[in-house]
C-alpha cells in the first residue's frame with residue numbers, strides 16, 4: 001500500500017493558488033464553510049469523478065479535504081488505487097479554520113454547519129443501541145436491534161465502509177439549498193477546464 005501524502009494547513013496556505021482543492025464532504029457540510037476555491041465532490045461520488053480528477057492531477061497537485069482528514073484520507077487511497085496522485089489536508093477544514101485561515105461560505109449558507117458525518121453516525125448508532133435496550137424492557141427481544149447495530153459498526157470498521165453514513169448523507173440537512181453549491185456536472189467541468 002502506498003504511503004498517504006499529507007499536507008498541513010501551514011504548508012497548504014501559501015500554495016493554495018497552485019493547488020486544485022477538492023472537498024469530499026457532503027454538500028451541506030461544504031456549503032457551511034470550506035477552504036477557499038475548493039470544489040465539492042462528495043466521497044460517494046468520487047468514482048464518477050475519476051476521469052475529471054485524472055485530468056486535473058495531470059495539470060497540478062490535488063489536495064483532498066474533509067472535516068477532519070478521515071474521509072479525505074480514504075479518498076486519497078481510492079485515487080491512488082486509480083493511479084491518481086493526491087494529498088490530504090491534515091486535520092481537514094477544522095484544522096484549516098483553527099489555524100486562522102479563511103473559510104468560504106456561499107451566500108445564504110447556514111451559519112452553523114451540520115454535524116460532521118462521523119459525528120452523525122456515532123449519534124445515530126448510539127441512539128439506536130440505547131433505544132433497542134430501553135424498548136427491550138417492555139418488548140423483550142428488541143435488544144437484537146442493538147446487536148445488529150453493533151455488528152454493523154464492526155463490519156463498517158473491518159471493510160472501511162459506512163452504509164449508515166451513506167444513508168445519512170442523503171438526508172435534507174446534509175444537502176444544500178438549491179444554488180448554494182454547484183452540481184456535480186458543473187464541478188467536473190471546472191476540474192477539466194484548462195483555466
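Every number in this text was worked out from the coordinates using simple rules, so none of it is lab data. Small disclaimer: the values here were computed from a predicted structure and weren't measured. Every residue, glycine as well, gets a Cβ built from its backbone with ideal geometry; the counts of neighbours run over all protein chains shown.
Roughly how many Å is it from the Cα centre of region 113-150 to that of region 43-112, as a whole number?
30
Taking a virtual spin label 7 Å from the Cα of residue 171 along the C-beta vector, which residues in region 14-48 bring their backbone nitrogen under 14 Å of it?
26, 28-29
Order the peptides 135-144, 29-38, 183-192 from the highest to the lowest mean number of other Cβ atoms within 10 Å of their residues.
In descending order of packing, they fall as 29-38, 183-192, 135-144.
Taking a ≥ b ≥ c as the square roots of the eigenvalues of the Cα gyration tensor of region 117-168, is the shape rounded (a/c under 1.5), prolate (a/b larger than b/c) or oblate?
prolate
Rounding to the nearest 10 and keeping the result within 0 to 90°, find how far the Cα-based axis of helix 117-138 lies from the longest principal axis of the chain.
Between helix and principal axis, roughly 10 degrees.
Divide, for the chain, the radius of gyration over alpha carbons by 2.2 N^0.38 Å, where N is the residue count.
1.12
Taking Cα pairs under 8 Å and at least six residues apart, what relative contact order does region 7-51 come out at, in percent?
Dividing the mean separation by the residue count of region 7-51 yields 35 percent.
Hey, with R₀ at 41 Å, roughly what FRET efficiency would residue 189 and residue 145 work out to, going by the Cβ-Cβ distance, to 0.05?
Taking R0 as 41 Å, the efficiency between residue 189 and residue 145 is 0.40.
Would you calculate, for the chain, the mean residue ellipticity at 222 nm contributed by helices, counting each DSSP H stretch of 4 or more residues as -39,500 (n - 2.57) and dividing by all residues, to the nearest 500?
Roughly -15000 deg cm²/dmol at 222 nm, from the helical runs in the chain.
According to the square roots a ≥ b ≥ c of the eigenvalues of the Cα gyration tensor, what is the shape class of region 1-95, taking rounded for a/c under 1.5, prolate for a/b larger than b/c otherwise, and oblate for the remainder?
Because its axes are fairly even, with a/c under 1.5, region 1-95 counts as rounded.
Please report the relative contact order for region 117-168, taking Cα pairs under 8 Å with a sequence separation of at least 6, and give it as a percent rounded to a whole number.
Relative contact order of region 117-168: 41 percent.
Taking the beta-carbon count within 10 Å as an exposure proxy, list 93, 26 from fewest neighbours to most.
Placing the least packed residue first, the sequence is 93, 26.
Which order do the peptides 119-130, 148-159, 78-89 come out in when sorted by mean C-beta neighbours inside 10 angstrom, highest first?
78-89, 119-130, 148-159
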